[in-house]
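Just below is one structure, and these are the notes that go with it.
The values are calculated or read from the model by the stated rules, or taken from the named source; none is laboratory data. Remember, it's a predicted structure, so these values are computed and weren't measured experimentally. Virtual Cβ from ideal backbone geometry, glycine too; neighbours counted across all protein chains shown.
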Amino acid sequence: MKKLAIIFSLFLWGITFSVSAQKVQMEFFINFDGNCREAVEFYAKTFKSTVNNLMTYSQMPPSSSYMIPEADKDRVMYAGIQVGDIVMMFSDVPSGSKYIQGNNISLTYSTDNKDEVKRIFNELKEGGEVITELQQTFYSELFGMVKDKFGVIWQVLYYKR
């Protein structure tokens, strides 16, 4: 039981490790309501890091299934900073989305094993709520988001390293 607690603690802190031949990484994602750019610059300065891969919603590849509202074009879709071995990820929620300050953090589980992505996603959704079904996106061949039965939001994705 103690070993499981240590492994879970490593998960929560975004530590990367190998399970068998697959690579697994746990990270966290912090959402903001229009002030993400200011927040990520603050955290980068605080943790003596640099902002990586900042992308606004207007820089997303075009999609016929989703039109970006004018109000969202300058909002940050993704930005990251490296703090030691941990990647802190940031995003503005689309305008009009339900945003609750203090409940704006989700965990991200990424692996280079598609079967494991499906297994984890399906187990997390039992008794929970699917936010985004598993699907291909421009940043992952397989991505889904789910709120588990305990109210924790998870982003699960395949990431070939």
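Quick look at the values:
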| read-out | value |
| --- | --- |
| Those residues of region 30-54 which are basic (Lys, Arg) and surrounded by 15 or more Cβ atoms within 10 Å (Cβ to Cβ), in sequence order | Arg37 |
| Among residues of region 64-78, those that are part of a loop (DSSP other than H, G, I, E, B), surrounded by 14 or more Cβ atoms within 10 Å (Cβ to Cβ) and not β-branched (Val, Ile, Thr), counted | 1 |
| Complete set of residues in region 96-122 that are of a type in the set (A, V, I, L, M, F, W, C), in contact (Cβ under 8 Å) with a residue 60 or more places away in the chain and surrounded by 13 or more Cβ atoms within 10 Å (Cβ to Cβ) | Leu107 |
| Single residue of region 103-161 satisfying the filter (closer than 25 Å to Gln59 by Cβ and small (Gly, Ala, Ser)) that is modelled with the highest pLDDT | Gly144 |
| Test: residue in region 55-63 that is outside the structural domain of Gln136 (by TED's automatic domain parsing), surrounded by 18 or more Cβ atoms within 10 Å (Cβ to Cβ) and assigned to a strand (DSSP E or B) | yes |
| Check on Gln82, surrounded by fewer than 17 Cβ atoms within 10 Å (Cβ to Cβ), under 19 Å from the mean Cα position of the chain (by Cα) and part of a loop (DSSP other than H, G, I, E, B) | no |
| Matching residues, region 41-68, being under 29 Å from Ile120 (Cα atoms), in contact (Cβ under 8 Å) with a residue 24 or more places away in the chain and of a type outside the set (S, T, N, Q) | Leu54, Met55, Tyr57, Met60, Pro61 |
| Count of region 69-95 residues which are in contact (Cβ under 8 Å) with a residue 60 or more places away in the chain and either more than 23 Å from Lys48 (Cβ to Cβ) or acidic (Asp, Glu) (or both) | 4 |
| Enumeration of residues in region 32-51 that are assigned to a loop (DSSP other than H, G, I, E, B) and under 19 Å from Gly102 (Cα atoms) | Asp33, Gly34, Asn35 |
